[in-house]
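Just below is one structure, and these are the notes that go with it.
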Amino acid sequence: MSARNTYVRPMRGWYRRNPRFMAYLLREGTSVFVALYALLLVWGLTALAGGAASYERWLAFLASPVSVLLHLVILAAAVYHTITWFQVAPKATPPLVLGTKSLPDSAIIGGGYAAAVVVSLVILVIAW
Amino acid sequence: MSKRSHEPIFWSLFGAGGVVAALVLPALVLITGLAWPLGLMSDGALGYERMSSVAGSLLGGLVLFGVIALTFWHAAHRIFHSLHDFGVHRGLGVWKMVCYGAAFVGTLWTAGALVAIAI
Amino acid sequence: MSESGREIEIEVLRYHPERDKEPRYQTYLVPFAHDTSVLQGLQYIKDHLDGTLTFRWSCRMAICGSCGKMVNGEPKLSCHTFLRDYHPGKLRVEPLWHFPIVRDLAVDQSDFLQKLEAIKPYIIRDEEKPVSEGVYRQTPAQLARYQQFSQCINCLLCYAACPQYGLNSDFQGPGIMALLHRYNSDSRDQGKAERMPIVNAEEGVWSCTLVGYCSEVCPKHVDPAAAVNRNKVNSTMDYFLRFLSPRGANS
């Protein structure tokens, strides 16, 4: 191809070229906050293993404004993850044929959202 | 013949972790982040006694391990691949070790903490 | 074409390798009517304003796949995109992203064509059925398994939409995987084992991060994202179950 002197455009900043790419990066970025939350939970478990005093310190952190603020950001990330996860789930699902019709994508997406709501409610009820 | 990739291993963990995180995290974040600090939960809901018995039980321990460990593997996979999106191409082998290594350490630590609680 | 009296500014990427070190932009004022496509706008420029403008096109009816361009940052078939939808704003037309530019709006498609050849895009049989035995028969259900993937017109819009292909052109890419899937899913085909090594490689399905934009821009609703990601499942099953198969690994 060098004989034709073709021009290869650089990929730098590719995500700024189309808002669809920024949405993708936002989706991928949820993983950072999801990981952060897992670390918070591990800290909690470690504190729990360390006895009542260390666990109370973790609970005290949870009550702090810093923690509440952090959780709001993490909550946004977690919810966005849930929404986008089930939105793309149909792409990885082999077609399920029932009789003559195959299961539409919307059923998979809706099913996922429904499951998320049910599981969330169950957790909230059990935890309360 | 092109080399077969080992991605299926990490992708399976990523997928499992993604489903678990999608279903379970919003409620958990609501609990630890808002419901409990704002006093909306019953007394001792997150207290030492209750949490010790939950985390120390076989079912509770397995559930917590599953949620936390799979979340680590999910995030590690996504973060690793996002590096590529941001133009990190060189030294990808090192980054792979760092990301999945961190998930592995997190998994072991979680298991260790839960065993310590159970004992 | 100028009965309505409306005009639109079209900014076009120009690149003539014999004189340009890098691309530049040139703006033209183009009259248009209600039904004037972007392709017709480009043709107006070439016919009346600047004969040096180079671009590919053929059927003018969204079936040949020749006229793909970036229109205001979105991959589109220029014959299927209309100037009325962009007026009174400005229109920017560029060659499809993620391909080297040969000249003006024409890109180098050879990478795609090489990949297309490599996936063996034809029915592979262990033994050819002789003509005397008649035709292959398929039920509607068997047809449904691959029909949407057979609609691909090789327009390369999905490649322009795929940042992973842009970041690494070794990646097979959405269109190729959709065509590969079309043949693997065809009940007449027996060549799946020959195609699996391409699927299973790092540059096969595993370079895809499900951005999903490819399926959104496909003018034929092929859904290449589904083709790629369903094959992640296939590849995973192949990876873990290969030791159980009597014939050994598929590759």
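Structural remarks
- The mean number of Cβ atoms from other chains found within 10 Å of a Cβ in peptide B:71-77 is 5, as a whole number.
- The trypsin sites (Lys or Arg not before Pro) of the range B:1-105 meeting both criteria, a DSSP state outside H, G, I, E and B (loop) and at most 12 other C-beta atoms within 10 angstrom of the site's C-beta, are B:K3, B:R90.
- Surface per residue (accessible, 1.4 Å probe) for the protein assembly as shown, Å²: 48 Å²
- Whether the range C:168-220 is rounded, prolate or oblate, judged on the alpha carbon gyration tensor where a/c under 1.5 counts as rounded: oblate
- Taking one quarter of the surface of the C-alpha convex hull of the protein assembly as shown gives a mean projected area of 30.6 nm².
- Taking the protein heavy atoms of the protein assembly as shown in the context of the full set of protein chains, the accessible area attributed to carbon and sulfur is 63 percent at 1.4 Å.
- Qualifying trypsin sites (Lys or Arg not before Pro) in the range C:157-251, DSSP loop, other Cβ atoms within 10 Å at most 13: C:R247
- For the range B:1-29, the residues whose backbone nitrogen is under 11 Å from a point 7 Å from the Cα of C:R242, taken along Cα to Cβ, are B:2-8.
- Between A and B, accessible area buried - total, square angstrom, nearest 100, 1.4 angstrom probe: 4200 Å²
- The tail of the calculated P(r) for the range B:7-118, taken as Cα-Cα distances beyond 16 Å, holds 67 percent of the pairs.
- Residue mean of other protein chain beta carbons inside 10 Å, A:6-16: 6
- Estimated FRET transfer efficiency when R0 is 41 angstrom, pair A:Q87-B:R50 (beta carbons, to 0.05): 0.70
- Panel note: contact residues of the range A:106-128 (accessible area lowered by at least 50 Å² against the chain on its own; 1.4 Å probe) correspond to A:I123, A:L124, A:A127, A:W128.
- In this label model, C:E133 and A:A53 are separated by 8.2 nm, measuring between points 7 Å along each Cα→Cβ vector.
- Here each label is just a point 7 Å from Cα along the line to Cβ, and for C:D85 and C:E216 those points are 1.4 nm apart.
- Averaged over peptide A:81-88, the number of partner chain Cβ atoms lying within 10 Å of each residue's Cβ comes to 5.
- C:E216 accessible area, assembled protein chains, probe 1.4 Å, Å²: 110 Å²
- For the range A:14-94, the extents of the C-alpha atoms along the principal axes are 50, 32, 18 Å, listed from largest to smallest.
- Label-point gap, in nm, between A:L121 and C:R6 - each point 7 angstrom along Cα→Cβ: 5.0 nm
- Residues along the range A:23-47 losing 50 Å² or more of accessible surface when the other protein chains are present rather than the chain by itself (probe 1.4 Å): A:Y24, A:R27, A:E28, A:S31, A:V34, A:Y37, A:L41, A:V42, A:L45
- Solvent-free Debye calculation, one equal scatterer per alpha-carbon of chain C: log10 I(q)/I(0) at 0.09, 0.13 Å⁻¹ equals -0.48, -0.85.
- Helix-only [θ]222 nm of chain C, DSSP H runs n ≥ 4, -39500 (n - 2.57) each, per residue, nearest 500: -8500 deg cm²/dmol
- Per-pair calculated FRET efficiency, R0 = 30 Å: C:Q114 and C:C59 via Cβ, rounded to 0.05: 0.80
- Estimated buried accessible area (total), pair C and A, 1.4 Å, Å² to nearest 100: 2500 Å²
- Peptide ranges C:89-102, C:7-20 listed from the most packed, as the mean C-beta count within 10 angstrom indicates: C:89-102, C:7-20
- With 30 Å as the limit on Cα-Cα distance, the pairs of C:K192/C:K220; A:K91/B:K96; C:K76/C:K129; B:K3/C:K120; C:K76/C:K120 that go past it are C:K76/C:K129.
- Ranked by the mean number of other Cβ atoms within 10 Å of their residues, highest first, the peptides C:122-133, C:33-44 fall in the order C:33-44, C:122-133.
- Applying 1/(1 + (r/R0)^6) with R0 = 35 Å to the Cβ-Cβ distance of B:S57 and A:L26 gives a FRET efficiency near 0.40.
- The range C:162-208: GluC sites (Glu not before Pro) in DSSP loop, at most 16 other beta carbons within 10 Å: C:E202
The values are calculated or read from the model by the stated rules, or taken from the named source; none is laboratory data. Predicted model, so just to flag it, every value in this text is computed and none were measured. Note that each Cβ is placed from the backbone with ideal geometry, even for glycine, and that neighbours are counted across all protein chains shown. In case anyone asks, the SASA skips ligands and DNA or RNA and just uses the protein heavy atoms, side chains included. Shrake-Rupley method; radii C 1.70, N 1.55, O 1.52, S 1.80 Å.
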